[in-house]
């Protein structure tokens, strides 16, 4: 038996679980940005992103039945995990020094606009997966939809000696 009120059930209200959760995350990140500033908000979201990255890394390793992912597998996993959450990432280039990715659809959709702290989810998930499997990563968010760019461009640097002057967050194997 449904608890839906027939007078309300068919109303055109743009509300369902996905929109609700994306709105919740947008408002939480916006509140953090307003209260503690962008850097601190990014830090808080980074902690969540790290934990999510660790879980996703365990899930892919288990599914692939490997103890560690190769560079090629890491690149494909980064694209696949975003595909599963309705992102549209693709590999632009890949070599021993870096994996360059581009994206035209944020999983947070329009809710990410004006909320650059939400990009720390991508940075941390990508950084944790790359570092846990390859030893080191520095994630550079060159362009982001959150900041008004037409697409995201993310560079996952894989060698510490090549990145001293590159902006971004560093991740190390634990």
Exercise. Based on other C-beta atoms within 10 Å, arrange 174, 104 from fewest to most.
Key: 174, 104
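For Cα pairs less than 8 Å apart in space and 6+ apart in sequence, what is the mean separation divided by the residue count of the chain, i.e. the relative contact order in percent?
Value for the chain: 22 percent.
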Quiz item: Which residue fluctuates the most in the chain, going by a Gaussian network model with Cα springs under 10 Å, if the choices are 70, 117, 29?
Solution: 70
Quiz item: residue 153 to residue 20: extension gain in nm, 0.36 nm per residue of separation minus the Cα-Cα distance?
Solution: 45.2 nm
Quiz item: What FRET efficiency would be calculated for the residue pair residue 174, residue 9, taking the C-beta separation as r and a Förster radius of 45 Å, to the nearest 0.05?
Solution: 0.40
Quiz item: When N counts the residues of the chain, how does its alpha-carbon radius of gyration compare numerically with 2.2 N^0.38 Å, as a ratio?
Solution: 1.13
Quiz item: Helix 71-84 versus the longest principal axis of the chain: what angle, 0 to 90°, nearest 10, using Cα atoms?
Solution: 10 degrees
Quiz prompt | Ellipticity estimate at 222 nm from DSSP helix runs (n ≥ 4, -39,500 (n - 2.57)) divided over the chain, nearest 500 | solution = -15500 deg cm²/dmol
Quiz item: So, in Å, what gap is there between the alpha-carbon centers of the stretch 117-174 and the stretch 43-102?
Solution: 11 Å
Quiz prompt | Cβ-Cβ FRET estimate between residue 113 and residue 68, R0 fixed at 35 Å, reported to 0.05 | solution = 0.45
Quiz item: So how tilted is helix 17-36 from the main axis of the chain? Cα-based, degrees 0 to 90, rounded to 10.
Solution: 70 degrees
Quiz item: On a 0 to 90 degree scale, rounded to 10, what angle separates helix 119-134 from the longest Cα axis of the chain?
Solution: 40 degrees
Exercise. Compute the distance in nm between two label points, each set 7 Å from the Cα along the Cα-to-Cβ direction, one at residue 83 and one at residue 160.
Key: 3.4 nm
Quiz prompt | Sites residue 59 and residue 39 - FRET efficiency at Förster radius 25 Å, r taken between beta-carbons, to 0.05 | solution = 0.25
Exercise. Rank these for me by crowding, 67, 12, going from fewest to most other beta carbons within 10 Å.
Key: 12, 67
Practice problem: Fewest Cβ neighbours within 10 Å first, please rank 42, 123 accordingly. | Solution: 42, 123
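Here, each number is a calculation from the coordinates, and none is a lab measurement. Predicted model, so just to flag it, every value in this text is computed and none were measured. Neighbour counts run over all protein chains shown; Cβ positions are idealised from the backbone, glycine included.
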